[in-house]
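Taken together, the values in this text are just the output of simple stated rules run on the coordinates, not laboratory data. Keep in mind it's a predicted model, so treat the numbers as computed, not measured. Because the Cβ atoms are built from the backbone with ideal geometry, glycine has one as well, and the counts that use them run over all protein chains shown.
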Amino acid sequence: MSDHSRDEPFPRKPLIAVAALIGFSLLLVAGARLVGLSASQAPPSAVSERIDLRFEDRADGAVTVFRAEDTELVAVLPPGSNGFVRGVLRGMARERRSRGVGEEVPFRLARLADGRLTLQDLATGRVIELKAFGADNEAAFAALLAHGNRVAAQ
């Protein structure tokens, strides 16, 4: 048979060390998740300017952008241009279709007091922080905000 006797207990120190290592690892992961969640969620900021917009596809491939409150034309995005704007809108339209929501509810484009630019789908509640996609992509929406507000001031 074997040289090991059944009367010898398993060494306690390695068991305690392994249990402590597992417990410490779990605490680190829990702490990192808590810190990560709070750091990734920027504090709410007041809105400094906003505009509610409706986007419509034209037969020629262009997208027309209207102010929702008075249907004034804000911009025409020619076919083959503004790929980022079109991509974001396609994604949001897909989400609306999956929820059975129509096109009548506008999107809200807002500049927050801290400078962030957001696009909110008022039908689904989804909010996209546009800065996350880079300065050039954010600028495409910033131009719509600026032009829409100029149209309103006229």
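Let a ≥ b ≥ c be the square roots of the eigenvalues of the Cα gyration tensor of region 101-154; is it rounded (a/c under 1.5), or, if not, prolate (a/b larger than b/c) or oblate?
Note, shape of region 101-154 comes out oblate.
If we sort 13-23, 98-108 on the protection proxy, mean other Cβ atoms within 10 Å, highest first, what's the order?
Result, highest mean Cβ count within 10 Å first: 98-108, 13-23.
What ³J(HN,Hα) values, in whole Hz, does the Karplus curve 6.51 cos²θ - 1.76 cosθ + 1.60 give for region 53-65 when θ = phi - 60°, with x put for Gly and Pro?
10, 10, 10, 10, 7, 9, 4, 7, x, 6, 10, 9, 10
Cα gyration tensor of region 64-154, axes a ≥ b ≥ c as square roots of the eigenvalues: rounded (a/c below 1.5), prolate (a/b > b/c) or oblate?
Because its axes are fairly even, with a/c under 1.5, region 64-154 counts as rounded.
Might you report the magnitude of the Cβ-based charge dipole of the chain about its Cα centre, with Lys and Arg at +1 and Asp and Glu at -1, to the nearest 20 debye?
Roughly 240 debye for the chain.
Calculate for the chain the 222 nm mean residue ellipticity that helices alone would give, adding -39,500 (n - 2.57) per DSSP H run of length 4 or more and normalising by residue count, nearest 500 deg cm²/dmol.
-14500 deg cm²/dmol
Quote the convex hull volume per residue of the chain, based on C-alpha atoms, as a whole number of Å³.
Convex hull of Cα atoms, per residue: 231 Å³.
For Val88, Val76, what ranking results if the residue with the fewest other Cβ atoms within 10 Å of its Cβ goes first?
Ascending Cβ contact count within 10 Å gives the list Val76, Val88.
Would you kindly derive the ³J(HN,Hα) couplings of region 12-27 from the backbone phi angles with the Karplus curve 6.51 cos²θ - 1.76 cosθ + 1.60 (θ = phi - 60°), listing them in order in whole Hz, with x for Gly and Pro?
Here the 3J(HN,Hα) series is 6, 4, x, 5, 5, 5, 5, 4, 5, 5, 5, x, 5, 4, 5, 5 Hz.
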